[in-house]
Amino acid sequence: MDFEAIKKVTLILLEYLPNTLSLFIWTLVFSIPIGMIVTWLKKCRCRPVNWLTDLYILIMRGTPLMLQIIAFHYAIPMIVSSAVSSGKTGGIIPFLQSIMNNEHYMIITLVVAFALNYAAYFAEIFRGGIEAIPKGQYEAAQMLGMTKMQTFFRIVLPQVTKRVIPATANEVIVLVKDTSLANVIAFAEITMKAKQQMNFYSSILPLFIAGIFYFVMNALVTMLFSFIEKKFDYYK
Amino acid sequence: MAILEVKHISKKFGDLEVLKDISFNVEVGEVVAIIGPSGSGKSTLLRCVNQLERADSGEINVCGMNMLHTEDGKAQYADKKTLRDIRLKIGLVFQNFNLFPHFSVMQNVIEAPVHVLKQSKAEATAKAQELLKKMGLEAKAKSYPCELSGGQQQRVSIARALALSPDVLFFDEPTSALDPELTGEILKVIKELAQEKMTMVIVTHEMAFARDVANHVIFMDQGYIVEEGTPEEVFGNTQNERTKQFLQRYNGGEPPLA
Ligand SMILES: Nc1ncnc2c1ncn2[C@@H]1O[C@H](COP(=O)(O)OP(=O)(O)OP(=O)(O)O)[C@@H](O)[C@H]1O
Ligand SMILES: [Mg+2]
């Protein structure tokens, strides 16, 4: 591969970078709040809800993300086709069909799969953070007459945030790399395109260039998190 | 007037009876010291009075408000609003301070006045400055708890409790987490509060201090109050055999001083 070819490949990968980034960003946007809700469900005082939450986390963390991506991608078409072939076209079938025919169907199923998977990991990180807050903090707040809401938002949450930053950074870095799993359903992101270019040029160099893309993204993520970590450095 | 009335309180953790038929009163302006061996239930008693633990039966009145009484052998707590009103009348200083680490000293002290009592920030800050000065911490207002010594942290936590102007202040072994050379500064602060006629209940292992500052001493053992009275009575003219043994250990094996 000459310099011109390298430039060409780089530009092609750049063109598909937004796809990788949107999968990354949408996953974060959904998985973090869902993770918080899962943490809350896991800590709520209702046994059946706790069990269901445990089961959810067990499945999400216990099976490969790649399988989950494939399953979410093909589930709706399969439900629809089996319903249609048995003559059922009412109920939610038209709704499912409309999702399926949506031009963003692929990214939607990807984000659903990724967000549900990452939410399970985030939930466990957040739970660890909450459980690390000493009981004395709650008791001190209670003695000062603070309400449960005040205690959570003013005392617990800021301290949990500080504690979960390193583990969250880890998870986000893994997510940057995991976006490449989307190529399993032929989503046009960087890894998928790099593989195509590899075959086209019969060279491993496109994969190397893709690797640089991930490396730079993660360097930025790392810098962002160490900046945030420093912001919380004013206390121990 | 009794600011705190505790009548026949009992409390179990599972099968373990930790408090058995505890009764005592605290009068306005009085300093009560609670002493006794480890595991005798001193902390649990304080925690029951402070609503951090629920008693199984008995009666507690604080500042003329009924917090808990017993019907058919079961504890009945007052409604939420009363419990909250009671809570704001009393302060508790913890053994390990429990300051909020993400707040500066000043924020720790004004947190409750501003967000619970809804005072203006200016008003709360002015009062906090006064309290910090009294604690000898006026230069530390902007520091964070992790930058302070244990003794300083404990003084902040006393200021934080005082910021709500409680009618009675409880201490659970306020010096036990401190290096010996730092206990003096906390005992001095408590002594000053006693001179200002602050009503206080202090669980302590500092016998000389209890003897010096308290008007009333309660000795607990195995969940019972086995002896109580003035410091002269309890330390000088000890009646109970358990108390005698306990005090002897604290006096380095010598019989308690008359
Ligand atoms: N939350 C709890 N659950 C079960 N048992 C408890 C609990 N808290 C205290 N206990 C038990 O109750 C008994 C009294 O404990 P408490 O902490 O009140 O004693 P104490 O007099 O304050 O002792 P110390 O001087 O060591 O602080 C102990 O046997 C203790 O193990
Ligand atoms: Mg104790």
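All conditions but one from (1) surrounded by fewer than 19 Cβ atoms within 10 Å (Cβ to Cβ); (2) part of a helix (DSSP H, G or I); (3) not basic (Lys, Arg) apply to residue A:234; the one that does not is (2). Name the residue that is surrounded by the most Cβ atoms within 10 Å (Cβ to Cβ), counting only residues in segment A:143-191 that are within 14 Å of another protein chain (Cβ to nearest Cβ) and not in a helix (DSSP H, G or I). Per the criteria, the residue is A:144. Has segment B:153-161 got at least one residue that is within 16 Å of ligand 2 (Cβ to nearest atom), within 14 Å of the chain's Cα centre (by Cα) and either crowded, with 18+ Cβ neighbours inside 10 Å or of a type outside the set (A, V, I, L, M, F, W, C) (or both)? Within segment B:153-161, one or more residues are within 16 Å of ligand 2 (Cβ to nearest atom), within 14 Å of the chain's Cα centre (by Cα) and either crowded, with 18+ Cβ neighbours inside 10 Å or of a type outside the set (A, V, I, L, M, F, W, C) (or both). Please state which one of B:175, B:183, B:238 is modelled with pLDDT under 90 and either open to solvent by less than 40 Å² (accessible area, probe 1.4 Å) or within 16 Å of ligand 2 (Cβ to nearest atom) (or both). Going through B:175, B:183, B:238 in turn, just one is modelled with pLDDT under 90 and either open to solvent by less than 40 Å² (accessible area, probe 1.4 Å) or within 16 Å of ligand 2 (Cβ to nearest atom) (or both): B:238.
Listed here are the residues, each with its yes/no results for (1) within 25 Å of residue A:138 (Cβ to Cβ); (2) of a type in the set (A, V, I, L, M, F, W, C).
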residue: B:17; (1), (2): no, no
residue: B:25; (1), (2): no, no
residue: B:31; (1), (2): no, yes
residue: B:43; (1), (2): yes, no
residue: B:46; (1), (2): yes, yes
residue: B:53; (1), (2): yes, no
residue: B:61; (1), (2): no, no
residue: B:91; (1), (2): yes, no
residue: B:103; (1), (2): yes, yes
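The single residue among B:176, B:149, B:165, B:143 that is among the hydroxyl-bearing types (Ser, Thr, Tyr), more than 23 Å from residue B:87 (Cβ to Cβ) and under 17 Å from the mean Cα position of the chain (by Cα) turns out to be B:176.
Picking from residues in segment B:44-54 that are farther than 25 Å from residue B:245 by Cβ and open to solvent by less than 40 Å² (accessible area, probe 1.4 Å), the one that is farthest from ligand 1 (Cβ to nearest atom) is B:51. Taken over segment B:45-68, the criterion of being under 15 Å from the mean Cα position of the chain (by Cα) and either away from ligand 2 (no atom under 16 Å from the Cβ) or aromatic (Phe, Trp, Tyr) (or both) is satisfied by B:51, B:62.
Among residues of segment B:25-43 being under 12 Å from residue B:224 (Cα atoms) and either surrounded by fewer than 20 Cβ atoms within 10 Å (Cβ to Cβ) or free of Cβ contacts under 8 Å to residues at least 40 places away in the same chain (or both), the one that is farthest from ligand 1 (Cβ to nearest atom) is B:37. Taken across segment B:99-117, residues that are in contact (Cβ under 8 Å) with a residue 40 or more places away in the chain and out of contact with any helix residue (DSSP H, G or I) (no Cβ under 9 Å at 6 or more places or on another chain) do not occur at all.
Find the residue count for segment A:129-142, including only residues that are of a type outside the set (Asp, Glu), more than 10 Å from every other protein chain (Cβ to nearest Cβ) and open to solvent by 40 Å² or more (accessible area, probe 1.4 Å). Matching residues across segment A:129-142 total 1.
For segment B:200-225, the candidate set comprises residues that are β-branched (Val, Ile, Thr) and not in a helix (DSSP H, G or I); within that set, the residue that is farthest from residue B:176 (Cα to Cα) is B:225.
When restricted to residues that are in a strand (DSSP E or B) and either on the phi > 0 side of the Ramachandran plot or open to solvent by 70 Å² or more (accessible area, probe 1.4 Å) (or both), segment B:8-23 contains 6. Look at residue B:142 and say whether it is open to solvent by 10 Å² or more (accessible area, probe 1.4 Å), away from chain A (no Cβ under 14 Å) and out of contact with any strand residue (DSSP E or B) (no Cβ under 9 Å at 6 or more places or on another chain). No: the conditions fail for residue B:142.
Is it the case that segment A:58-69 has a residue that's open to solvent by less than 10 Å² (accessible area, probe 1.4 Å), more than 14 Å from chain B (Cβ to nearest Cβ) and on the phi < 0 side of the Ramachandran plot? Among the residues of segment A:58-69, at least one is open to solvent by less than 10 Å² (accessible area, probe 1.4 Å), more than 14 Å from chain B (Cβ to nearest Cβ) and on the phi < 0 side of the Ramachandran plot, which makes the answer yes. Could you please let me know if residue B:183 is of a type outside the set (D, E, K, R), farther than 16 Å from residue B:98 by Cα and within 16 Å of ligand 1 (Cβ to nearest atom)? The answer is yes for residue B:183. Assigned to a helix (DSSP H, G or I) and open to solvent by 20 Å² or more (accessible area, probe 1.4 Å): which single residue out of B:197, B:191 fits that description? Testing whether each residue is assigned to a helix (DSSP H, G or I) and open to solvent by 20 Å² or more (accessible area, probe 1.4 Å) leaves just B:191. Is at least one residue of segment A:25-38 modelled with pLDDT under 95 and within 16 Å of residue A:187 (Cβ to Cβ)? No, the conditions are met nowhere in segment A:25-38. Only one entry in A:34, A:6 is farther than 25 Å from residue A:105 by Cα, in a helix (DSSP H, G or I) and not small (Gly, Ala, Ser), namely A:6.
Quick grid of which residues meet (1) closer than 25 Å to residue B:125 by Cα; (2) among the polar types (S, T, N, Q):
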| position | (1), (2) |
| --- | --- |
| B:146 | yes, no |
| B:163 | yes, no |
| B:168 | yes, no |
| B:202 | no, no |
| B:208 | no, no |
| B:214 | no, no |
| B:219 | no, no |
| B:227 | no, no |
| B:239 | no, yes |
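The values are calculated or read from the model by the stated rules, or taken from the named source; none is laboratory data. Here the structure is a predicted model, which is why all the values come from computation and not from measurement. Note: ideal-geometry Cβ built from the backbone for every residue, glycine included; neighbour counts use all protein chains shown. These area figures cover heavy atoms from the full protein model, side chains too; ligands, DNA and RNA do not enter into them. Shrake-Rupley method; radii C 1.70, N 1.55, O 1.52, S 1.80 Å.
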